[in-house]
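The block underneath contains the structure these notes are about, expressed in structure tokens.
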Amino acid sequence: MKFAEFEQGQVIQLGPATVTEDEILAFARQHDPQWFHTDPARAQASRWNGLIASGWHTCSIAMRLMVDAVLGDSESLASPGMNYLKWPAPVRPGDRLELKVTILEKTVSGSGRIGSLKWRWELINQDGVLVLDLEAVNLFTLKT
């Protein structure tokens, strides 16, 4: 999507993305090798009652949905960061995730060269449970 297509208050629904055990294990082994992400038997016997995805994997799933549908052909420049990031519930093998993106603010710099979006991303599983909640800012190049 192009920056001009975004409006404050707009809601964008993306997905679904289905998470597999193999994906959880592969991501965790590479990036977050804690036992509750890499050892299904030990995770099953724990307070988690089974394998859970890394929170960073959960963020990556949301990011992939955003790039594929929103940012991939946009003027996206970068993100200076997030105001908050929460993982209120774990992601498990077989979860079907959908992303709800709400545009909170849309601004243009005084020079007219940079556009900015503040948006909330909510990743929700098939049971309506929120598994990722973040508020981020993204920058867009408007003029070269």
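Can you say whether N49 is of a type outside the set (A, V, I, L, M, F, W, C) and on the phi > 0 side of the Ramachandran plot, as far as the supplied structure shows? Spelling it out, N49 is indeed of a type outside the set (A, V, I, L, M, F, W, C) and on the phi > 0 side of the Ramachandran plot. Residues in the stretch 89-103 that are assigned to a strand (DSSP E or B) and hydrophobic (A, V, I, L, M, F, W, C): 4 in all.
Do you know which residues across the stretch 23-55 are assigned to a helix (DSSP H, G or I) and touching a His at 6+ places or on another chain (Cβ under 6 Å)? It would help to see each step written out before you state the result.
Our first condition is that a residue be assigned to a helix (DSSP H, G or I); within the stretch 23-55, this holds for 23-31, 35-38, 40-44, 55.
Correct list: F27, A28.
Contact annotation: residue pairs with Cβ atoms under 7 Å, 6 or more positions apart or on different chains, pairing a residue in the stretch 32-46 that is within 18 Å of W56 (Cα to Cα) with a partner that is among the polar types (S, T, N, Q), are D32/S54; F36/S46; H37/S54. Scanning the stretch 15-55 for residues that are surrounded by fewer than 16 Cβ atoms within 10 Å (Cβ to Cβ), closer than 25 Å to S76 by Cβ and under 16 Å from the mean Cα position of the chain (by Cα) yields one hit, P16. So which residues in the stretch 73-88 are part of a loop (DSSP other than H, G, I, E, B), surrounded by fewer than 17 Cβ atoms within 10 Å (Cβ to Cβ) and modelled with pLDDT of 95 or more, if there are any at all? Scanning the stretch 73-88 gives a single hit, P88. The set of residues in the stretch 123-133 that are part of a strand (DSSP E or B) and surrounded by fewer than 18 Cβ atoms within 10 Å (Cβ to Cβ) comprises L130, D133.
Of the numbered criteria (1) surrounded by 15 or more Cβ atoms within 10 Å (Cβ to Cβ); (2) over 14 Å from I12 (Cβ atoms), the one R120 fails is (2). Checking P90, P80 one by one, the residue that is touching a helix residue (DSSP H, G or I) at 6+ places or on another chain (Cβ under 9 Å) and of a type outside the set (S, T, N, Q) is P90 and no other.
The values are calculated or read from the model by the stated rules, or taken from the named source; none is laboratory data. All values derive from a computational prediction rather than experimental measurement. Every residue, glycine among them, receives a Cβ derived from its backbone with ideal geometry; neighbour counts consider all protein chains shown.
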